[in-house]
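First up is the structure itself, then whatever we jot down about it.
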């Protein structure tokens, strides 16, 4: 039986993906800071000192999906929230890769998927920590893909726009998709093993235009 690890599976996309993988015959172990009695799960924060030990206890997996993520709107009185976004979204993902990829290399195959964002191309005054963390995550995953694919391990960056979860903050949420559709996209990524998947595609184009406008404004 194929074995998967889903990090950040207590709610949202991670929870829905866990349930979909189980239906499709995977054995799934979850890691989350919030417990759920209906899941096979380890409860730990990805920033905790003991996090690598928890992943070591999980053992080798065929698929690892990093779905943990946080993001708060900018508040000058709470800069720590922006730091935490970088710690969870980027450093947590890197710590996960560090723990799971050696086992995949030893087995001669595996697949790592990280949930990034179309915000990875945006300079954001609303959520600078979130945008920076996703820019770093996408860059890291694409670099890993180029380095590891010749060794049999696929790495995929899945870049979502707005998904109907608690992470979708702010008043404007254009082209928002529901969680089930997001899981459809993820399952396609599992099968295709492409280095990068961007969804919705129309929003991918729109944010690139926004990036050009923002940078032009900053130059002025």
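Summary of values
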| read-out | value |
| --- | --- |
| Any hit, segment 119-136, residues being surrounded by fewer than 19 Cβ atoms within 10 Å (Cβ to Cβ), at pLDDT 95 or above and under 22 Å from residue 33 (Cβ atoms) | yes |
| Residues (under 19 Å from residue 111 (Cα atoms) and surrounded by fewer than 19 Cβ atoms within 10 Å (Cβ to Cβ)) located in segment 27-44 | 27 |
| Failed criterion for residue 181 (all others in (1) farther than 25 Å from residue 92 by Cα; (2) assigned to a loop (DSSP other than H, G, I, E, B); (3) modelled with pLDDT of 90 or more hold) | (2) |
| Residue that is within 13 Å of the chain's Cα centre (by Cα), within 28 Å of residue 107 (Cα to Cα) and in contact (Cβ under 8 Å) with a residue 40 or more places away in the chain, where the choices are 17, 63 | 17 |
| Of the criteria (1) on the phi < 0 side of the Ramachandran plot; (2) surrounded by 17 or more Cβ atoms within 10 Å (Cβ to Cβ), which one residue 60 fails | (2) |
| Hits in segment 19-69 - residues which are in contact with a strand residue (DSSP E or B) (Cβ under 7 Å, 6 or more places away or on another chain), over 14 Å from residue 7 (Cα atoms) and assigned to a helix (DSSP H, G or I) | 22 |
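The values are calculated or read from the model by the stated rules, or taken from the named source; none is laboratory data. From a predicted model like this one, the values you see are computed outputs, not experimental measurements. With ideal geometry, Cβ positions are generated from the backbone for all residues, glycine too; neighbour counts draw on all protein chains shown.
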